[in-house]
Every structure is written in structure tokens, then in C-alpha cells.
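I have placed the structure first, in the form of C-alpha cells, so that the comments after it can refer back to it.
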Amino acid sequence: MSWLAELSTSWRSGTQRSQLVAAGGLAVGVAASFAVSLGRYELFPLAGYFLWLLLGMLLLRFWPLVGLTGVISAAGVAACLSQEPATDRKVAGLVILALAVALVLYVASRQRSGLPTPLSEALLSDLRDRLAAQGRVPDLPDGWHAQSAMVAAYGVGYAGDFMVADLDEDGQHLELVLVDVVGKGVTAAPSALLLAGALGGLVGAMHDRDLFDAANDFLLRQHADETFATAVHLSLDLGTGGYTILSAGHPPALRWSAADRAWAVDNSRGLALGIMPEPELHASSGVLAPGDALMFYTDGVIETPTNDLDSGIAWLQEVGRGAFLRGVDGAAARIVGRVARGDDDRAVLIIARS
């Protein structure tokens, strides 16, 4: 069975040779079916040719599929007309076959990836998984906890919210960026993937303002009117608890005070990335004492058609207080679970010192 494994591996590569082999194999199957139809039509009637059409749609790219549909159509029509008499039922079957061929070719022509449907789906799933894997916070030293939760708009699994993080070799310095790319769900996913790749290679190597300047230049080079993003960057010393927050058009971070048992609004502010060169950015800094925490989130958590930014932040402070008092574990998920279902991506990240 090794040759089957080799054929499967070759097909997954999407090469022209593998497509020709697949198309040839399907054509041989159609020819065999046609021979059966001529001999005993009741064993393989016109309806059976729809199976070959479906397999072609799943396995072939557009142009090989065009050739195969021609073979299927010719075989199906010839097999059907070879039977006497030509009833209305057979004519209706031929019309349905023609419509099915047209529909399959239309769908295949709309595959912008140029790959068969299963390969396109696998590619998108792999990109989504890579984006999710890149956003996992590394294991932190004892005394520190990280919690995150993300939900894509419309529940499709592709979002414009993402996170990149880096922990230095000594495990004492954490760099983390939470980004919200303009757009919702699938529409924002391509820009999110591009920016995530760029930031993933820069975080840890560049810091604070330099990192955001590089990301801003990257977005400006895309030369697209709607390619911009809000972002917040955290630089945290895990030994002392000292931190610096730099925000670029992002909703303000919240800081939990163990003494006050409440979330306070951080004062880091700035212009979104991708709008103009050298955007104005103002950082904030402080020290997390034992029991303190920081919360970062995207605008989908606090903005609704009926609430403004200030009331949304006040709502999050109250909901976040109840969720955090129940324990750090699962706090981010509890907060996201309280957000009303909407048409925007939602993400919450909490870094806490126990």
C-alpha cells in the first residue's frame, strides 16, 4: 500500500503532475463506467456519473476538472442516448447533468487559491493554527500567571485579533503584543496573518517604540487604504514586576490593585498603526506587586451599538472584578463569556502576579 501513500502525498503537493495523474485515474474510471453502461445500463445509469463529477470537484484544480467534466458529459450523454426509447425522464436527467457540470465548474473557478477544495481548507486551517500557536504565552516562572481568551466574529475561527509573545532565555523578561487588525472575522484574517508574521520575527529583538515603528512602517508599505491596526505592547520584568505599556490606538489597559480590589484604567495612549509615519505614542510604567494584575483586551469586548467607550470600560471593570475575584484561572474566559454576541472579534488577556 506504499504506492497509495505516495499518490496521496503527491496529490497534497498540488503539483501539475499529481493533478494529471488524478485526472487520468478518474478518466479511466469514467471509461470503465461507460463500458458497463453500454452493456447493462441498469448497473450504471446516468445518475452514477454524478459520482465522478463529485470526485473531480474534490480532487482536481480548475483546468484538469474542465477536461474531466468533458469526458463525464460525453460518456453520460452517450450512455443515456444509447438506450431506447428516449423518455422524458432521460431528457430531464441530461438537463440536470448539464446544470451540475456548470455549477461545479463555476465553484471551481471561484477558488482563488487555485487548489482543490480540500487542499484550500487544509491550507486555511494550517494558517489559522499557526496564528493561534504563535499567540500562546510562554510558560512563566513561579509566581506569575497568564490567561487569555479569544472569540472570532460570527464564530468562524478566523479573526483579526491576535497576540505574539516572547520570553527571554533567562525567563525573566516577557515581551507581549496584543493586536486588533481593522475588519472582522474572515475579512481581517489575511492582514492579521501578514502582521503576525512580521511581529513574530521582531518581538524580543526590538522593544517598545522601535517595535511599533517597525510594525507601522510594515503596514504603510502595504499601500492599502484600510490596512491599519491597534496594538498594545507590554514589557514586563518578571523579577521585579516592573512594566512598561505602550498603546497604539488600543483600548486602555486595566490594572488590578490587590489593595483596592478593583481595576483601574491605565493612561498609555497613542495613534493606531498604519495611518501615518511616526505616530504619536505615550507609554506608561509601573510595578506589579504580589496580587496585582494587568488586563488587555480588544474593542469588541467593550463596544456595542448602544454603548460608548467609557461606559464599555466601566462595564468591563465591574465584570472583570467579579471574574478576577473568583480566581485567576479561567478569568479571561469568564469575561469573554459575559460579552454579548456581536459582529466583532473579542480577545482578553490577563497577566497576574500571585
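General remarks:
- The set of residues from region 83-106 being modelled with pLDDT under 85 and either open to solvent by less than 60 Å² (accessible area, probe 1.4 Å) or touching a strand residue (DSSP E or B) at 6+ places or on another chain (Cβ under 9 Å) (or both) comprises GLN83, THR87, LYS90.
- Where VAL203 falls short, out of the listed (1) modelled with pLDDT under 85; (2) under 15 Å from GLY274 (Cα atoms); (3) touching a strand residue (DSSP E or B) at 6+ places or on another chain (Cβ under 8 Å): (2)
- Residues of region 233-265 satisfying the condition of being charged (D, E, K, R), modelled with pLDDT under 95 and in contact with a strand residue (DSSP E or B) (Cβ under 7 Å, 6 or more places away or on another chain): none
- Some residue of region 219-232 being under 19 Å from LEU349 (Cβ atoms), modelled with pLDDT of 90 or more and either open to solvent by 50 Å² or more (accessible area, probe 1.4 Å) or of a type in the set (Phe, Trp, Tyr) (or both): no
- Single match in VAL339, VAL348 (criterion: at pLDDT 90 or above and either in contact with a strand residue (DSSP E or B) (Cβ under 7 Å, 6 or more places away or on another chain) or over 25 Å from ALA165 (Cα atoms) (or both)): VAL348
- When region 147-189 is limited to residues that are in contact with a helix residue (DSSP H, G or I) (Cβ under 9 Å, 6 or more places away or on another chain), modelled with pLDDT of 85 or more and under 19 Å from VAL328 (Cα atoms), the one that is least open to solvent (accessible area, probe 1.4 Å) turns out to be ALA149.
- Considering residues of region 233-261 that are open to solvent by 30 Å² or more (accessible area, probe 1.4 Å) and in contact (Cβ under 8 Å) with a residue 60 or more places away in the chain only, the residue farthest from ALA314 (Cα to Cα): GLY239
- Residue selected from region 25-79 under the condition of a type in the set (Ser, Thr, Tyr) and open to solvent by 20 Å² or more (accessible area, probe 1.4 Å), by the criterion farthest from LYS90 (Cα to Cα): SER73
- Candidate set: region 269-305, residues that are outside any strand (DSSP E or B) and touching a Lys or Arg at 6+ places or on another chain (Cβ under 6 Å); chosen: the one surrounded by the most Cβ atoms within 10 Å (Cβ to Cβ): VAL301
The values are calculated or read from the model by the stated rules, or taken from the named source; none is laboratory data. The structure presented is a predicted model; accordingly, all values stated were derived computationally and were not measured. Heads up, the Cβs are rebuilt from the backbone with ideal geometry, glycines too, and the neighbour counts pull from every protein chain shown. We work out accessible area using only protein heavy atoms, side chains counted, and drop any ligands, DNA or RNA first. Shrake-Rupley method; radii C 1.70, N 1.55, O 1.52, S 1.80 Å.
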